[in-house]
Amino acid sequence: MKALKYFLRAVLILSLVWSCTKDNFNSIDFLSTVQAPSNVAAVYNITQDNTGLVTITPTSEGATSYDITFGDNTTQPANVKQGQSISHIYSEGNYSLIIKANGITGLITEVTQDLVISFKAPENLVVSISNDLAISKKVNVTASADFATMFEVFFGESPDEIPVTANIGETASFIYTNTGTYTIKVVAKSAAIATTEYSVDFDVTAILQPIISAPTPPAKNAADVISIFSDAYTNVSGTNYFPDWGQGNQGSSWAMFNLNGNNILQYINLSYQGIQFGSAVDASGMKFLHIDVWTPDVTGIDIYPIDGNGAGEKFVHKDLTANEWNSFDIPLTDFTNQGLPLNNVIQFKVVATNWAAGTAFIDNIYFYVSTPSAPIIAAPTPSKPASTVTSIFSDAYTNITSTEWNPGWGQTTNLTTVQISGNNTLKYDALNYTGIVLDYGNPTDLTNRNYVHFDYWTNNATSLGLKLVNTNMPNGATKESQVDLSTITIGSWVGVDIPLAEYTTNMTGITQLLFSSSSATVYIDNFYFYQQLAAAPTTAAATPSANAASVISIYSDAYTNITSTEWNPGWGQTTLLTGITLEGNNTLKYDNLNYTGIVLDYGNPTDVSAKTFVHFDYWTNNATSLGLKLVNTNMPDGASKEYEAPVSSISLGTWKSVDIPLSEYTTNLTGITQILFSSSSATVYIDNLYFY
C-alpha cells in the first residue's frame with residue numbers, strides 16, 4: 001500500500017529592504033511550469049538468510065535523489081541518489097517506509113509504502129497471470145502471500161533469463177517475442193531461507209483485433225465527400241458490404257465489428273471482398289480515396305474501384321503494418337492514369353496479398369476533395385479589447401451603423417449572410433467588387449485606430465483587396481486608396497491585419513469600404529478597425545507631485561517607503577510578480593493578476609486615518625477590472641476589517657493615475673496591515689502606491 005503527498009519546499013527567501021532605493025524582484029515565472037516527481041515507488045530485494053537484510057531501490061520520474069525513512073527505530077532518513085540502492089537490516093515485523101522524491105526545482109513527492117519482514121516461509125501464495133489487453137504478447141503477473149515481501153517471475157522464454165522482480169501486491173510484466181505456451185514460475189520470498197514457488201503453463205497470445213478506433217475523419221461539407229463506409233459521414237444508401245461474389249467458397253466470412261460504438265468492417269480469412277454500392281456514384285469531381293485498415297496478419301491489399309459502364313477495374317497496392325491502423329489517402333489519378341473512369345463507380349473490392357490467410361478490419365472508405373467547397377467552422381473569435389475597436393461586422397463587438405451593403409454599383413457580386421457554427425458570416429458570390437456605406441451624414445473618424453482587420457475564407461479567389469474611401473475629400477490619394485493582399489490562402493480561415501499607415505486615404509471621415517476580388521466566392525467575418533496596444537509600457541509613470549510631508553509611501557522612488565514584510569505572498573493566487581525598471585524607475589509588474597497581497601507589518605500596523613486619498617499609477621493592455629482592497633487584520637470580520645474600491649473604468653495602453661478618497665473605504669484605517677490588488681488575470685504594471 002502506498003500513500004502519496006505533494007508539497008513545495010521553500011527554496012526562495014526574499015529579503016526586501018525598502019528605502020529610497022529598492023532592489024528589483026527576481027522573476028519566478030518558471031514556477032508555473034515545473035512539476036513534482038511522479039510514479040514514486042521503491043522495489044525491495046530481501047535476502048533469504050533470516051538476517052532481515054533488505055535492499056531498497058527507489059524509482060520515479062523526475063527525481064534527482066530520495067530521502068528514505070525506514071519506518072523502524074532509525075531516526076535519521078537516508079539519502080539515496082537517483083539510480084542507486086540502499087540496504088537496511090530489519091527485525092521481524094511490519095513497517096511503513098516514507099520515500100521522499102526530491103526534484104531539481106525543490107518540488108517533493110512523498111510516498112508511504114508498506115514492508116513486511118518475516119522469518120517464516122511465504123504461505124497461501126496466490127498468483128494471477130493474464131495477457132495484457134493493450135499490448136500484444138505482453139503478460140502481467142501479480143502475486144500475494146502471507147509473510148512475503150517480494151516475488152520473482154521466470155517467464156520461461158529462455159533458460160538463462162534474469163527474473164523480473166516486484167513487491168508483493170504489485171505487477172511484474174514481460175513482452176514475449178513470439179506467441180505460444182510457456183512455463184511461468186513465480187517465487188515468493190520473505191526474509192526466511194525457505195521460499196514458496198508456483199509454476200504453470202500459460203498461453204501467450206497476440207492481440208488479434210484493434211483496441212482503439214481508426215483516426216476520426218475530419219469534418220467535411222456534404223458536397224466534398226462521397227462516403228462508402230464511415231460513421232463520420234452519410235454513406236451511400238443501400239450498400240451491401242458482403243455481396244455473394246463467391247468469396248465464401250474461399251473460406252472468407254465477415255462481421256460488423258463494434259468498437260466502443262464505432263462500426264468497423266471485419267473480413268475474416270480475407271481472399272477478396274467486394275462492396276456493392278446502393279447506387280452508382282460520380283467520383284470524377286473528387287481528388288482522393290481514403291481507407292483505414294488494421295490487421296494482425298494480412299501483409300498487403302490491392303484496392304479496386306470498379307466502373308459500372310464496362311471499363312472494368314484497376315487497382316493500387318498497399319503494404320500493411322500489423323497491429324496498427326494503416327491510413328491511406330490515394331490520389332484518384334492513380335486510377336484514372338490507368339484508364340479507369342470514375343464518373344460511374346458501382347463497386348469496390350479489396351484483395352489480400354496472402355490469400356485467405358488473415359483478417360482485416362476496414363473503416364472510413366470515402367472519396368473526397370482536399371479543398372472544401374465552403375468553411376465548416378466559423379472564423380476565430382476576436383480577442384481585441386472592445387474599447388480599442390471600431391467594428392463594421394462581427395458578432396464579437398457592437399457594430400457601428402452601416403446604411404448600405406453591396407449597393408448597386410454595377411458589380412456582379414451577390415451578398416448573403418450565412419451562419420457557420422452559429423456565427424453570422426458574410427458570403428460574397430461572384431465577387432468582383434462590393435461596397436459597404438457607413439453613413440454619409442456621419443462619417444467615421446479612424447484617426448485613433450492604426451489597423452484594419454478582417455477574416456476571409458475562399459476556395460477559388462486569386463486576388464483580394466480592401467479600399468477605404470473618404471467621399472468628403474477631393475479626387476485623389478486622400479479620397480481613396482486600396483491595399484491588395486500579396487498572397488491568397490485557399491481552403492482555410494485567414495486573419496488579415498493591415499496597418500492603416502499603408503493607406504493614403506484621409507482617416508478623419510471614412511464613408512465607404514470596398515472589397516474586390518477575382519469574381520470568386522469569398523466569406524468575410526470580423527471586419528473591424530482597432531488600436532494595436534503596446535505589449536508593455538516604454539515610459540515610466542509620471543513622477544508624483546504630492547508633498548512628501550503629507551505622504552505615507554508603500555512603493556515609489558519619489559518617497560521613502562515604509563517597511564513591507566511580504567510581497568505577493570502565497571495565498572493561492574495565480575499572480576506572478578517581478579520588479580522591472582522603466583527609464584531608471586522601479587516598477588512592479590504583475591502577470592496573471594487575479595489578486596495579490598502586500599503585507600505591511602503585522603507587528604506594527606500602519607495608521608492612515610489622517611490621510612484623505614490613496615494613490616497609484618497603473619498601465620495595462622488587457623485588464624477589464626482593477627480594484628484595491630485595504631485590510632485591518634486586527635478588526636473582526638466585516639466592513640471594518642476590509643473593503644475593496646474598484647476602478648470605475650479601465651484605460652488601456654497608457655499610464656493612468658488613480659486617486660481614491662479614503663472616505664470610500666469602510667475599513668478601520670487606524671491599523672492597515674494588508675493591501676490587495678485584484679484584476680481579471682491580466683498583466684498590470686503598478687507604481688507610486690501611497691497615501692496622502
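The values are calculated or read from the model by the stated rules, or taken from the named source; none is laboratory data. From a predicted model like this one, the values you see are computed outputs, not experimental measurements. Ideal geometry is used to build each Cβ from the backbone, glycine not excepted, and the neighbour counts take in all protein chains shown. Accessible surface is based on the protein model in full, side chains and every heavy atom, while ligands, DNA and RNA are left aside. Shrake-Rupley method; radii C 1.70, N 1.55, O 1.52, S 1.80 Å.
Residues checked against (1) acidic (Asp, Glu); (2) in contact with a strand residue (DSSP E or B) (Cβ under 9 Å, 6 or more places away or on another chain); (3) modelled with pLDDT of 95 or more; (4) surrounded by 13 or more Cβ atoms within 10 Å (Cβ to Cβ):
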{"residue": "Thr390", "(1), (2), (3), (4)": "no, yes, yes, yes"}
{"residue": "Asp395", "(1), (2), (3), (4)": "yes, yes, yes, yes"}
{"residue": "Asn399", "(1), (2), (3), (4)": "no, yes, yes, yes"}
{"residue": "Trp405", "(1), (2), (3), (4)": "no, yes, yes, yes"}
{"residue": "Thr416", "(1), (2), (3), (4)": "no, yes, yes, no"}
{"residue": "Ser421", "(1), (2), (3), (4)": "no, no, no, no"}
{"residue": "Lys427", "(1), (2), (3), (4)": "no, yes, yes, yes"}
{"residue": "Leu431", "(1), (2), (3), (4)": "no, yes, yes, yes"}
{"residue": "Ile436", "(1), (2), (3), (4)": "no, yes, yes, yes"}
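In this structure, does Ser213 turn out to be open to solvent by 30 Å² or more (accessible area, probe 1.4 Å) and within 27 Å of Gln266 (Cα to Cα)?
yes
Going by the structure shown, is Gly495 touching a Pro at 6+ places or on another chain (Cβ under 8 Å) and surrounded by fewer than 18 Cβ atoms within 10 Å (Cβ to Cβ)?
Judged against the criteria, Gly495 is a match.
Residue by residue through the range 334-345, note down the ones that are open to solvent by less than 60 Å² (accessible area, probe 1.4 Å) and assigned to a loop (DSSP other than H, G, I, E, B).
Selection gives Gly339, Leu340, Pro341, Leu342, Asn344.
Write out, first by first residue and then by second, each pair whose Cβ atoms fall under 7 Å of each other, whose residues are 6+ apart or on separate chains, and whose first residue, in the range 466-486, is more than 15 Å from Tyr440 (Cβ to Cβ) and free of Cβ contacts under 8 Å to residues at least 24 places away in the same chain while the second is β-branched (Val, Ile, Thr) and open to solvent by less than 40 Å² (accessible area, probe 1.4 Å).
Matching pairs, first to second residue: Val483/Ile498; Leu485/Val496.
Please give the number of the condition Leu133 fails out of (1) more than 30 Å from Ser91 (Cβ to Cβ); (2) open to solvent by 50 Å² or more (accessible area, probe 1.4 Å); (3) in contact with an Asp or Glu (Cβ under 8 Å, 6 or more places away or on another chain); (4) of a type outside the set (Gly, Ala, Ser).
Looking at each condition in turn, Leu133 falls short on (3).
Looking at the structure I just gave you, is Ser680 open to solvent by 40 Å² or more (accessible area, probe 1.4 Å), assigned to a strand (DSSP E or B) and over 22 Å from Val608 (Cβ atoms)?
Taking the combined requirement at face value, the residue satisfies it.
Would you be able to tell me the number of residues in the range 213-230 that are within 17 Å of Asn326 (Cβ to Cβ), touching a residue at least 24 places away in the same chain (Cβ under 8 Å) and part of a loop (DSSP other than H, G, I, E, B)?
Number satisfying all stated conditions: 5.
Among Thr177, Thr195, which is the only one that is closer than 21 Å to Leu53 by Cβ and hydroxyl-bearing (Ser, Thr, Tyr)?
Step by step, each of Thr177, Thr195 is checked, and only Thr195 is closer than 21 Å to Leu53 by Cβ and hydroxyl-bearing (Ser, Thr, Tyr).
Any residue at all in the range 624-642 that's outside any loop (DSSP other than H, G, I, E, B), hydroxyl-bearing (Ser, Thr, Tyr) and either out of contact with any strand residue (DSSP E or B) (no Cβ under 9 Å at 6 or more places or on another chain) or at pLDDT 95 or above (or both)?
No - not one qualifying residue is present in the range 624-642.
List pairs: first residue in the range 348-363 and in contact (Cβ under 8 Å) with a residue 12 or more places away in the chain, second residue open to solvent by 20 Å² or more (accessible area, probe 1.4 Å) and of a type in the set (Ser, Thr, Tyr) anywhere in the structure, Cβ distance under 6 angstrom, at least six positions apart or on different chains.
Close Cβ pairs (under 6 Å, with a partner that is open to solvent by 20 Å² or more (accessible area, probe 1.4 Å) and of a type in the set (Ser, Thr, Tyr)) amount to Lys349/Tyr304; Val351/Tyr272; Thr353/Thr299; Asn354/Thr299.
Could you list, in sequence order, the residues of the range 150-189 that are assigned to a loop (DSSP other than H, G, I, E, B), within 44 Å of the chain's Cα centre (by Cα) and among the hydroxyl-bearing types (Ser, Thr, Tyr)?
Answer for the range 150-189, where residues must be assigned to a loop (DSSP other than H, G, I, E, B), within 44 Å of the chain's Cα centre (by Cα) and among the hydroxyl-bearing types (Ser, Thr, Tyr): Tyr176, Thr177, Thr179.
Name the one entry in Phe288, Phe348 that is in contact with a strand residue (DSSP E or B) (Cβ under 9 Å, 6 or more places away or on another chain) and open to solvent by 40 Å² or more (accessible area, probe 1.4 Å).
Phe288
Scan (1) open to solvent by 80 Å² or more (accessible area, probe 1.4 Å); (2) within 29 Å of Ala322 (Cβ to Cβ); (3) among the polar types (S, T, N, Q); (4) part of a loop (DSSP other than H, G, I, E, B) for the single condition Ser237 breaks and write down its number.
Ser237 satisfies every listed condition except (2).
Scan the range 65-80 residue by residue and report those that are assigned to a strand (DSSP E or B) and surrounded by 15 or more Cβ atoms within 10 Å (Cβ to Cβ).
Ser65, Tyr66, Asp67, Ile68, Thr69, Val80 - these are the residues of the range 65-80 that are assigned to a strand (DSSP E or B) and surrounded by 15 or more Cβ atoms within 10 Å (Cβ to Cβ).
Among the residues of the range 627-647 satisfying the criterion of being touching a Leu at 6+ places or on another chain (Cβ under 8 Å) and among the charged types (D, E, K, R), which is least open to solvent (accessible area, probe 1.4 Å)?
Lys629
Would it be correct to say that Val658 is part of a strand (DSSP E or B) and in contact (Cβ under 8 Å) with a residue 60 or more places away in the chain?
no
Taking Ala36 as the residue in question, decide whether it is modelled with pLDDT of 50 or more, of a type in the set (A, V, I, L, M), assigned to a strand (DSSP E or B) and crowded, with 16+ Cβ neighbours inside 10 Å.
Spelling it out, it is not the case that Ala36 is modelled with pLDDT of 50 or more, of a type in the set (A, V, I, L, M), assigned to a strand (DSSP E or B) and crowded, with 16+ Cβ neighbours inside 10 Å.
When Ile207 is evaluated against the numbered criteria (1) loosely packed, with under 13 Cβ neighbours inside 10 Å; (2) assigned to a loop (DSSP other than H, G, I, E, B), which criterion, by number, is the only one it fails?
Here Ile207 clears every test but (1).
Conditions tested, residue by residue: (1) hydroxyl-bearing (Ser, Thr, Tyr); (2) buried (at least 18 other Cβ atoms within 10 Å of the Cβ); (3) farther than 20 Å from Ile524 by Cβ.
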| residue | (1), (2), (3) |
| --- | --- |
| Trp457 | no, yes, no |
| Thr471 | yes, no, yes |
| Thr478 | yes, no, yes |
| Gln482 | no, no, no |
| Leu485 | no, no, no |
| Glu502 | no, no, no |
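Out of everything in the range 115-132 that is among the aliphatic types (A, V, I, L, M) and closer than 15 Å to Thr47 by Cβ, what residue ends up being farthest from the chain's Cα centre (by Cα)?
Here the answer is Ala121.
For the range 40-59, check the following and say yes or no: at least one residue is within 18 Å of Asn167 (Cβ to Cβ) and out of contact with any Ser or Thr (no Cβ under 9 Å at 6 or more places or on another chain).
Yes, the range 40-59 has at least one match.
Yes or no: Gln266 in contact with a Leu (Cβ under 9 Å, 6 or more places away or on another chain) and either under 20 Å from Pro243 (Cβ atoms) or of a type in the set (Val, Ile, Thr) (or both)?
Against the criterion (in contact with a Leu (Cβ under 9 Å, 6 or more places away or on another chain) and either under 20 Å from Pro243 (Cβ atoms) or of a type in the set (Val, Ile, Thr) (or both)), Gln266 does not qualify.
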